[in-house]
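Here it is: the structure, laid out below.
The values are calculated or read from the model by the stated rules, or taken from the named source; none is laboratory data. Computed from a predicted model, the values in this text were never measured in an experiment. A quick note on method: Cβ atoms are made from the backbone with ideal geometry, for glycine too, and the neighbour counts reach across all protein chains shown.
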Amino acid sequence: MMKLKLMLIALVGTFSSIANALPAIEPLATFSGNKVVIDANKITHLVFIDLWRSYEGNGDEKMIASLGADFLNDSQQIWIQPALNVTIAQLAQFQQYFPQVTPLVLDHGYQIMHSFDIWQSPYHVLLKDGVKLFSGHARQLQDFINGTQTNSVVTATTVITDVSTLVKSVNPTFAKKPLVGNKSPIDFQQLTSINTAKNLSVIFLDSLCP
């Protein structure tokens, strides 16, 4: 029954859109240099990870193990770690703690992630016969496999209808620092007066990014 369901999913994805065609990701190799052989008879499940999040317990390893034997038997997991703040020795040590994370590919220059327009991890992509069937985070993947997600390719969208619900009774201290170097406080309470019919843009700057 599961095989039939996966076949139907593949057919839905095939006719969904030419834009979902599989980017050229082959040949793939593990961080240790071994070639990754993709099983054409199975759905390819690309798992984009951040090993440091996994160490903290925020990875998707347990979630994937809970997807059920039928899906795991009908799919091939390929784990992909971006080549940022990791060494080959750290990857080898990581696999000792997480032996199920195999094969593990090191994504140099975010080439694989960006080819699928992915900018976060953990993240998941399902592929079959050169077609992208799914792209999304863990909860979306679970819903998709369980049949509660109707779209063949998921796009995550969150709409906030009431900005005031984001403001707590005790607010943290925020400050903005213009490029000229002078700090000035931000009146966080002003968010409650924002017209929710208008768009609100929030920009987060990561000091680790150049």
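Cβ contacts < 9 Å: first residue touching a residue at least 60 places away in the same chain (Cβ under 8 Å) and closer than 19 Å to Ser135 by Cα, restricted to region 97-120; second residue of a type in the set (Lys, Arg) and surrounded by 13 or more Cβ atoms within 10 Å (Cβ to Cβ), any location; separation 6+ or different chain. Result?
Phe116/Lys132
Further question: What is the residue count in region 37-63 for residues that are surrounded by fewer than 17 Cβ atoms within 10 Å (Cβ to Cβ), touching a Leu at 6+ places or on another chain (Cβ under 9 Å) and closer than 22 Å to Tyr110 by Cβ?
Looking only at that region, the number is 1.
Out of all the residues in region 103-114, which are at pLDDT below 95 and more than 16 Å from the chain's Cα centre (by Cα)?
Answer for region 103-114, where residues must be at pLDDT below 95 and more than 16 Å from the chain's Cα centre (by Cα): His108, Gly109.
Restricting to region 24-36, name every residue that is loosely packed, with under 15 Cβ neighbours inside 10 Å and either charged (D, E, K, R) or in contact with a strand residue (DSSP E or B) (Cβ under 9 Å, 6 or more places away or on another chain) (or both).
Glu26, Pro27, Ala29, Ser32, Lys35
Taking Gln81 as the residue in question, decide whether it is more than 17 Å from Val36 (Cβ to Cβ) and of a type in the set (S, T, N, Q).
The answer is no for Gln81.
Among Lys35, Lys42, Lys62, which is the only one that is touching a residue at least 12 places away in the same chain (Cβ under 8 Å) and of a type in the set (Lys, Arg)?
From the options Lys35, Lys42, Lys62, the qualifying one is Lys42.
I've got another one for you. Out of Leu141, Leu91, Leu126, Leu46, which single residue is more than 14 Å from the chain's Cα centre (by Cα) and either not in a strand (DSSP E or B) or not small (Gly, Ala, Ser) (or both)?
Of Leu141, Leu91, Leu126, Leu46, the one residue that is more than 14 Å from the chain's Cα centre (by Cα) and either not in a strand (DSSP E or B) or not small (Gly, Ala, Ser) (or both) is Leu91.
Consider region 110-126. How many of its residues are closer than 16 Å to Ile64 by Cβ and aliphatic (A, V, I, L, M)?
2
OK, next. Examine region 75-88 for a residue that is polar (S, T, N, Q), surrounded by fewer than 21 Cβ atoms within 10 Å (Cβ to Cβ), out of contact with any strand residue (DSSP E or B) (no Cβ under 8 Å at 6 or more places or on another chain) and under 14 Å from Thr30 (Cα atoms), and state whether such a residue exists.
Yes - at least one qualifying residue is present in region 75-88.
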